[in-house]
Structures are given as C-alpha cells and as structure tokens.
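Asker: The structure is given below, and queries will be raised subsequently.
Bear in mind that the values in this text are calculations on the coordinates, not laboratory data. What you see is a predicted model, and the numbers here were worked out from it, not measured in a lab. Every residue, glycine as well, gets a Cβ built from its backbone with ideal geometry; the counts of neighbours run over all protein chains shown.
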Amino acid sequence: MYHIINANAKCRFRDLFYLLVCKVRLTIYAKCTIPILHSMLVISEVLKIKTNIKELRKARKLSQEELALEVGTTRQTITSIEVGKYTASLPLAYKIAHYFGLTIEEVFDFSEIDN
Amino acid sequence: MDAYRKQIKIRICLLSILDFIFVGLLIYDQFGADPLRKGSTVFSFLCGLAAAGTLLISAKIIQYRKILHDEAKLRLNYNKENDERTKEIRRRSGMPMVLIFSVLMILAGVIAGYFNETIFITLLAAALCQMLISAIVKVYYLKNM
C-alpha cells in the first residue's frame, strides 16, 4: 500500500515537474522567438517619415489613384506613404515633390531624423 | 511604354509555347499513354499540373491580350509591375529565388519520382511548404507595409 501511494506521489511529482519544465520552455521560446521573428518581419521602424501628401492632394482635388498614375506607382503605395507605413525611395519622393511643384523637404517631414 | 508592350508580346509567345506543351501532355495522357504509366503517381501529378497550368496560362494570355489593346490598362499594369513597394515586398518574401528553387525541386522530384516515389512526395511537400511560407510573409507585408 505504501509503495502504491509512494509511486502515485512520485508520478504526480514527475507530472508537475514536466508541466513546470514545459511552461518554462514555452516562456523561453515566447520570449526569445517572438522578438526574433518580429525583428525579421517588421519593417524598419527607424524611418517613419510624416508627409503632407494627403493635404496637398486634397487641395488639388486629386484621388490617390490619379496621383499614383501620375508618379508611376500604385494606389496602395500612396496610401502606405500617407499613413506612414512605408517610406518612399528618393526617386519616388522626388517624383511626388516634382509633381506638386515643391521641394522634397516641403512634402516630407524630416524633423524626426534631424532630432 | 513601347518596350513594355514588346515585353508583353514576348511573354504571350512564351506562355503560348508552355501552354502547347501542357496541352500536348494532356493529349498524350488521353490517347497515347499506356495504362501502366497512367496509374503512376508522378504521371498523374504531371497531368494534374498540366491541366491546372493550361487553365491559368490561358487566363493570363487573355489578360495580357486585353492589356495590349487598352492603353490605360497597359500603364496601370506597368505601374503595378514596377512599383517600388511591390518590388520590396516581393524581395522580402524571397520571391524570385523561392519560385526558382520550388520549380527546380518539383522538377527534380518528378525525375526522381520515376525511381522512388517517397523522394517525389518529400520534394513536392518541401517545395509547397516553402511557397506557402513565402506567401504568408508576402501577405504579412502587404498588410503591414
């Protein structure tokens, strides 16, 4: 009888130990892998340049589609630039600024980089 | 835009050649193949691939032909293909190399499959898996970039 109780207690202890190990492992995986995956996938958060394309566009009563067609890109790209999800390349920034008849600094806000 | 128009015409020609090859394989499957070959997994897979490929390629050819006759659509398509964000997303999802490796793996699997079916299934699964991962990454960037 004593042996059975002892064996049961041992089993319970072993199960608890395994559970604890699994929990620790999961925590370690979550703490290590999620940031790695995040850093692998997330787009560079360093450069999130604000723009006033939306205001300029609205002042000229232009749709995103029309602006995209003029500067040789897609509507989705214009949306992403306006929202700040995507930073335009230098040629595209130049094209947009040139289209509005302004300089790049007047269209894109580089104050965060300066700071 | 003329260079792009020429490029689309070349694409139509290449796709038509591929389409003819697939149709030829399907005709061979229907009328020429012996029952023993028809029963093999690899040949069945090839026929399925040819049938699906024929449909997809035909749809693409029709789309290209429509684009060729419409200047606005041609420009839109040109912008879409040369859009820097789209290119960046494709690059980040490893697109040209993943596609090339997947096609090579499937080809190797088909060749190896005539000797050992397990290799064929393994290579096919690996190719599909890497294409799936690439697609997931692409969808992620399309939403977040």
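Asker: Can you check what the Kirkwood hydrodynamic radius comes to for chain B, Cα pairs only, in Å to one decimal?
Answerer: 17.6 Å
Asker: Also, I was wondering about something else. At residue B:70 and residue B:21, where each label point lies 7 Å from the Cα along Cα→Cβ, what is the point-to-point distance in nanometres?
Answerer: 3.0 nm
Asker: Hey, another quick one. Along the principal axes of its C-alpha atoms, what lengths does the stretch B:1-82 span, in descending order and rounded to whole Å?
Answerer: 51, 18, 16
Asker: So what are the radius of gyration and Dmax for the Cα set of the stretch B:83-145, in Å?
Answerer: Taking only Cα atoms of the stretch B:83-145, I get Rg and Dmax of 14.2, 45 Å.
Asker: Continuing with this model, one more query. Report, in deg cm²/dmol and to the nearest 500, the calculated mean residue ellipticity at 222 nm for chain B, where each DSSP H run with n ≥ 4 adds -39500 (n - 2.57) and the sum is divided by the residue count.
Answerer: Computed mean residue ellipticity for chain B: -29500 deg cm²/dmol.
Asker: How large is the convex hull of the C-alpha atoms of the stretch A:50-114 per residue, in Å³?
Answerer: 76 Å³
Asker: Can you classify the stretch B:46-132 as rounded, prolate or oblate using the Cα gyration tensor, where a ≥ b ≥ c are the square roots of its eigenvalues, rounded means a/c under 1.5, and otherwise it's prolate if a/b beats b/c and oblate if not?
Answerer: oblate
Asker: Taking 7 Å along the Cα-to-C-beta vector as the label spot, tell me the residue B:132-residue A:18 distance in nanometres, rounded to one decimal.
Answerer: If labels sit at residue B:132 and residue A:18, their model points lie 2.8 nm apart.
Asker: Work out the count of Lys pairs in the stretch B:1-82 where the Cα-Cα distance is under 29 Å, with the pair 8 or more places apart or on different chains.
Answerer: Within the stretch B:1-82, the lysine pair count is 12.
Asker: Under the definition of Cα pairs under 8 Å and six or more residues apart, what whole-number percent is the relative contact order of the stretch B:1-82?
Answerer: RCO, the stretch B:1-82: 42 percent.
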